[in-house]
Amino acid sequence: MRFYSTNDPSRRAVSLQEATLSGLAPDGGLYMPVQMPRLPQAFYNNMAEMTIQEVAYVVARTMLGDDVEAADLRDIVDDTFTFDIPLVRLGKRTYALELFHGPTLAVKDVGARFLARMLRLLARNLDREIHVLVATGGDLGGAVAHGFLNVPGVKVHVLYPAGRLTDMQRSQFATLGANVEALEVRGTFDDCQRMANAALLDPELRGKMLLTSGNSVNVMSLLPQMFYYFHAVSRLRAAEPNAADAVVAIPCGNLGDLAAALSAQAMGLQVRHFVAANNANDTTARYLATGVYAPAPSVDTLAAAMDVAEPSNLPRIRALFGGDHRAVAQRVTGCSFTDAEIEAAVLDNYCSIGYLMEPHTATAYLGLKKCQGLAPGIFLATAHPSKFAPAIKAITGADIAMPDALSSLLDKPWHARRLAPRPQVLKRHLLAEE
Ligand SMILES: *Cc1c(COP(=O)(O)O)cnc(C)c1O
């Protein structure tokens with residue numbers, strides 16, 4: 001498979017290795033596969049009996065072809081999914097896709113683990129150190145750091161906004177040391193993302209070091225996010241007669257999950273409609289409603305991983321539909337919810353069925369309920385409630401036990417270097433590394 005940049009109308013294509021090792025295209029665009037291959041009918045006939053590893057392998061193989069040796073790809077997929085992604089029935093025709101059973105208890109584990117293993121494979125034949133830049137508003141830093149911890153030849157730099165992460169989210173990368181560096185930015189998540197992207201595109205840095213992205217802008221984290229939609233539909237088919245009518249609700253920040261869902265649909269995934277659920281940061285919902293992209297400054301909410309003003313994967317979504325906003329809006333409905341609505345949903349689900357959901361998940365749940373009608377519906381449960389124990393305790397009064405492996409992290413000393421929110425500051429810091 002070859003990849004083109006969403007900023008390049010001539011669609012000049014580059015190799016898998018180049019797309020993965022550069023993260024962003026040199027023109028600032030995002031890499032996309034030049035075509036979306038269709039999965040064979042036999043796959044759909046058999047998927048209900050397949051494990052998540054088998055589903056992922058077929059999807060990856062169809063997309064990547066012979067670019068990766070079959071045996072290597074199987075190892076990468078098996079090694080990515082050391083945990084399950086259960087589809088849990090919560091009520092009539094309503095299901096939670098629990099994406100939070102990985103090592104850092106959030107959806108980011110899937111993309112980050114696959115990306116880390118692919119980069120490790122590609123790096124095997126290079127004699128240069130790879131620097132991976134990650135901008136995180138919450139869960140991604142920990143997931144990428146764990147994916148790469150102690151991998152020889154790779155150094156990870158995690159940028160995060162000061163004061164916006166929970167202590168536990170910060171501890172998941174800032175206590176590790178070794179080849180993982182924490183960079184605390186006195187600004188917002190969007191500042192972190194802007195700094196990372198400027199560094200990726202900087203000709204001097206590109207000339208001196210091998211720098212790539214650990215964020216969902218890297219096309220190798222888009223592919224693994226597609227796996228779980230196929231897996232979800234395979235499980236829904238076993239439970240619901242009209243699974244092809246399903247509505248799937250996605251809590252949206254940088255739109256990596258939504259871009260993957262729409263890509264999966266382009267490969268033949270049978271889902272009737274998607275819901276893009278925003279918190280008060282509603283750039284995406286407003287774009288879907290009006291066709292106008294008008295980012296407003298981000299505001300702090302309970303669902304901080306979605307406090308994104310400028311969603312980085314929007315160009316991918318536009319590219320999938322040839323820039324036709326109306327075509328996007330036919331497939332996806334946007335909506336946004338206030339913190340008060342999110343709190344009410346957390347409380348309501350806890351009181352009525354005893355199911356604890358954290359704020360990101362509750363946002364997706366609200367989106368589903370708004371658009372589901374009588375169709376079978378899935379909402380993405382993107383983080384384990386224990387990652388947001390204080391917020392959930394404040395809303396419901398419930399105490400959530402944190403897994404030991406995580407609570408012990410909070411006792412460890414953490415270290416971060418503080419950076420001003422300017423691209424030049426990050427550049428100087430990276431140059432000093434070389
Ligand atoms: C990253 C994240 C999201 C948003 O996903 P995007 O792909 O950035 O839109 C939602 N919930 C949680 C818990 C996350 O960590």
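Go through segment 286-308 and give me each residue that's closer than 19 Å to Glu343 by Cβ and of a type outside the set (Asp, Glu).
Val299, Thr301, Leu302, Ala303, Ala304, Ala305, Met306
What residue, among those in segment 298-307 that are touching a residue at least 40 places away in the same chain (Cβ under 8 Å) and over 19 Å from Ser216 (Cβ atoms), is surrounded by the fewest Cβ atoms within 10 Å (Cβ to Cβ)?
Among them, the one singled out is Asp300.
Being charged (D, E, K, R) and either outside any loop (DSSP other than H, G, I, E, B) or modelled with pLDDT of 95 or more (or both) is the filter here, so list the residues in segment 110-126 that pass it.
Answer for segment 110-126, where residues must be charged (D, E, K, R) and either outside any loop (DSSP other than H, G, I, E, B) or modelled with pLDDT of 95 or more (or both): Arg113, Arg117, Arg120.
Residues are listed down the side, and each one gets a yes or a no for (1) polar (S, T, N, Q); (2) within 26 Å of Pro103 (Cα to Cα):
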residue	(1), (2)
Phe3	no, no
Arg11	no, no
Gln17	yes, no
Gly28	no, no
Leu39	no, no
Ala56	no, yes
Thr80	yes, yes
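From Ala405, Ala394, which residue is over 25 Å from the mean Cα position of the chain (by Cα), away from the ligand (no atom under 16 Å from the Cβ) and not in a loop (DSSP other than H, G, I, E, B)?
The unique qualifying residue is Ala394.
Identify, by number, the condition in (1) loosely packed, with under 13 Cβ neighbours inside 10 Å; (2) part of a helix (DSSP H, G or I) that His415 doesn't meet.
Exception for His415: condition (2).
Among the helices (runs of 4 or more DSSP H) lying completely within segment 314-391, list those that include at least 1 residues that are within 15 Å of the ligand (Cβ to nearest atom) and touching a Pro at 6+ places or on another chain (Cβ under 7 Å).
339-353, 359-371
Can you say whether Val346 is at pLDDT below 95, surrounded by 24 or more Cβ atoms within 10 Å (Cβ to Cβ) and either touching a strand residue (DSSP E or B) at 6+ places or on another chain (Cβ under 7 Å) or among the β-branched types (Val, Ile, Thr) (or both), as far as the supplied structure shows?
The answer is no for Val346.
Report whether or not Phe337 is under 28 Å from Phe3 (Cα atoms), of a type in the set (Phe, Trp, Tyr) and at pLDDT 95 or above.
No; evaluated as a whole, the condition is false for this residue.
Only one of these conditions is not met by Val151: (1) within 22 Å of Asp78 (Cβ to Cβ); (2) of a type in the set (A, V, I, L, M, F, W, C); (3) surrounded by 24 or more Cβ atoms within 10 Å (Cβ to Cβ); (4) more than 15 Å from the ligand (Cβ to nearest atom). Which number is it?
(3)
Anything in segment 40-55 that is among the hydrophobic types (A, V, I, L, M, F, W, C) and surrounded by fewer than 18 Cβ atoms within 10 Å (Cβ to Cβ)? List them, or say none.
Answer for segment 40-55, where residues must be among the hydrophobic types (A, V, I, L, M, F, W, C) and surrounded by fewer than 18 Cβ atoms within 10 Å (Cβ to Cβ): Ala42, Ala48, Met50.
Taking the criterion of being part of a helix (DSSP H, G or I) and surrounded by fewer than 24 Cβ atoms within 10 Å (Cβ to Cβ), would at least one residue in segment 175-184 satisfy it?
no
Applying the selection to segment 149-174, what residues are in a strand (DSSP E or B) and over 16 Å from Leu211 (Cα atoms)?
Of everything in segment 149-174, those that are in a strand (DSSP E or B) and over 16 Å from Leu211 (Cα atoms) turn out to be Tyr160, Pro161.
Pick from segment 158-174 the residues that are in contact with a Leu (Cβ under 7 Å, 6 or more places away or on another chain) and buried (at least 24 other Cβ atoms within 10 Å of the Cβ): which of them is nearest to Asp411 (Cα to Cα)?
Gln172
For segment 260-287, which positions are under 22 Å from Asp84 (Cα atoms) and within 12 Å of the ligand (Cβ to nearest atom)?
Ala260, Ala261, listed by residue number.
Is it true that Thr188 is more than 14 Å from the ligand (Cβ to nearest atom), modelled with pLDDT of 95 or more and over 16 Å from the mean Cα position of the chain (by Cα)?
Judged against the criteria, Thr188 is not a match.
Kindly indicate which of Val107, Val58, Val77, Val134 is more than 16 Å from the ligand (Cβ to nearest atom), buried (at least 22 other Cβ atoms within 10 Å of the Cβ) and at pLDDT 95 or above.
Val77
Let's see how each residue does on (1) among the charged types (D, E, K, R); (2) touching a Lys or Arg at 6+ places or on another chain (Cβ under 7 Å); (3) touching a residue at least 24 places away in the same chain (Cβ under 8 Å):
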site: Pro241; (1), (2), (3): no, no, no
site: Ala249; (1), (2), (3): no, no, yes
site: Leu255; (1), (2), (3): no, no, yes
site: Met267; (1), (2), (3): no, yes, yes
site: Ala280; (1), (2), (3): no, no, yes
site: Thr290; (1), (2), (3): no, no, no
site: Tyr293; (1), (2), (3): no, no, no
site: Ala309; (1), (2), (3): no, no, yes
site: Leu320; (1), (2), (3): no, no, yes
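The values are calculated or read from the model by the stated rules, or taken from the named source; none is laboratory data. Because the structure is predicted, anything quoted here is derived from the model rather than measured. When we count neighbours, we look across all protein chains shown, and the Cβ atoms used for this are built from the backbone with ideal geometry, even at glycine.
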